[in-house]
Amino acid sequence: MGQIDDAIERADREAFTREPPKTLPTRINYLLKQLGSAKAVAAELGVTADSVNRYRRGARKNPPKDITAKIDAAVRSRWQPLVRKRRRKQAAATGGITVETRARFGYTAPIGTTDDGRFRRLTVHLPATYAQRLFEARDAGADDQEMRRIIAEGFKDIYFQDGGSRATGISDVAINDIDYLDLDF
C-alpha cells in the first residue's frame, strides 16, 4: 500500500465508535464469525487451522509478532464497516476531507516567476468533490501516484489559486518527497 492508502486507513480507524476486541481469543472468535471457518481464518493469517483453534481456546497465547500483526490488521479491516462507510459517504457528499502534509510541491508557472519545488507544510480542507474522487479512485484500485494527482489538483485549486482568485497561471501542481501525509474526514 502507498502513503495515501495508509492515510485513508488511519482516518478510517479514527472513525471507530467502539474499540476492536483486545484479547487474542476474542479477536480470533471475531474473525471466525466474519470468515465462517478456522480454515478461512488460517488462510487469511498464513497459519494452520489447528493454530487458529489453539489461539481461540487459549492453548497458544503468544503468537509470533508477524502473526499478531496480521491478526490485528484482519480484525481492524473488518471492524465497524458501516461506521466507516457512513463517514466516507458524508465526506464525499458534503463534508470534504482535510489533508495535512509536509512534502515538496512543484508546479508549472508562467515565465518570469519561480516554479522551483520546495518543501511546504500544509493543512488544507478539500471540498467533497475531491474526497469523492479520492475514494472512487481508491475503490477502483488506483495507485498512489493517481491519488497524489487528485490531492495535488485539490491543493492547486484551493491553496495555490484560492478558488481562482490568485495565481491563475499555475498549472500541473505535483506532490513529491512526502515526509508525512495525514487525512481526516
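Read-outs: derived from the displayed coordinates by stated rules, not from any lab. Quick caveat, the model's predicted, so the values are computed rather than measured. Cβ coordinates were reconstructed from backbone atoms using ideal geometry, including for glycine residues, and neighbour counts include every protein chain displayed.
Points to keep in mind about this one:
- Principal-axis tilt of helix 144-155 within the chain, Cα atoms, nearest 10 degrees: 50
- Note, ³J(HN,Hα) from phi for the stretch 86-101, Karplus 6.51, -1.76, 1.60, rounded to Hz, x at Gly and Pro: 5, 5, 5, 4, 5, 5, 6, 8, 9, x, x, 9, 9, 10, 10, 8
- Only Lys, Arg (+1) and Asp, Glu (-1) charged, at Cβ; the chain dipole about Cα centre in debye: 1400
- All-pairs Cα distance distribution in the stretch 1-67, expressed in whole percent, bin size 10 Å: 20, 40, 32, 8
- The long axis of helix 24-35 is offset from the longest Cα principal axis of the chain by roughly 80 degrees.
- Förster radius 30 Å - calculated FRET efficiency between Lys61 and Ala140, Cβ distance, rounded to 0.05: 0.15
- Lys/Arg +1, Asp/Glu -1 at C-beta; the chain dipole; positive extreme among Phe119, Thr26, Ile151: Thr26
- Karplus-based coupling profile of the stretch 4-9, in residue order and whole Hz: 5, 4, 4, 5, 5, 4, with θ = phi - 60° in 6.51 cos²θ - 1.76 cosθ + 1.60 and x standing for Gly or Pro.
- Using alpha-carbon coordinates, inclination of helix 128-139 to the longest axis of the chain, degrees: 50
- In this calculation the C-beta distance from Leu122 to Val83 is compared with R0 = 25 Å, giving a FRET efficiency of 0.30.
- Under 5 Å, built H, 5+ apart or other chain: amide partners of Arg60: Tyr55
- Label corresponding to mean projected area of the Cα convex hull in nm² when calculated from the structure given, among (1) 12.1; (2) 20.0; (3) 13.8: (1)
- Amide H to amide H, with H built 1.01 Å from N, Ile178 comes under 5 Å of Arg104, counting only residues 5 or more places away or on other chains.
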